[in-house]
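Colleague: This structure is in structure tokens; I'll ask about it shortly.
The values are calculated or read from the model by the stated rules, or taken from the named source; none is laboratory data. If you're wondering where the values come from, they're calculated on a predicted model, not measured in any experiment. Note: ideal-geometry Cβ built from the backbone for every residue, glycine included; neighbour counts use all protein chains shown.
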Amino acid sequence: MSGWARPLLLLLAGACGLTLLGYAVYFDRQRRNAPDFKRKLRQKRRKEREKAKEHDAELCEMKNIGRVQEFFLQEVQLGEHWLSIGEHKKSVEHLTNAISVCAQPHQLLQLLHNTLPPQVFEMLLQRVPYTKQVRMLLKS
């Protein structure tokens, strides 16, 4: 019985893998061939661009120190809120905004390193240089 059980299990595992792959390919093809797929994709990208432009305009308005502090606290609170819900990507976005306007970003990063889960902190570190570049472009 054990002589043919192993090949049978391998054959069964291969068939399951092939079925899963076929399932993924079929539904991806259905999604891409949907008549409104490209329209929905364009709308989604347009909304993302508009949101990014609004955010950039908001960062440009940061001339007043009181407004900067208010923005900093708001972004930290939003980051904590999204983190508590489990939305790590949105949390990192808001914490990155807070770091970009912070007067002492290194101290804030140390604090976040001690308090954030490791995977969220890694996402944050990957995003910080990008935010600094955008901020420098907006100033020039």
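Colleague: May I ask you to list the residues in region 82-108 that are free of Cβ contacts under 8 Å to residues at least 24 places away in the same chain, assigned to a helix (DSSP H, G or I) and of a type outside the set (Lys, Arg)?
Modeller: Listed by number, the residues that qualify are Trp82, Ser84, Ile85, His94, Pro105, His106, Gln107, Leu108.
Colleague: Can I ask one more? Please specify each residue of region 38-59 satisfying the condition of being charged (D, E, K, R) and modelled with pLDDT under 85.
Modeller: Across region 38-59, the qualifying residues are Lys38, Lys51, Lys53, Glu54, Asp56, Glu58.
Colleague: Can you confirm whether region 60-72 contains a residue that is on the phi < 0 side of the Ramachandran plot, modelled with pLDDT under 85, of a type in the set (S, T, N, Q) and not in a helix (DSSP H, G or I)?
Modeller: Looking for residues that are on the phi < 0 side of the Ramachandran plot, modelled with pLDDT under 85, of a type in the set (S, T, N, Q) and not in a helix (DSSP H, G or I), one finds at least one in region 60-72, hence yes.
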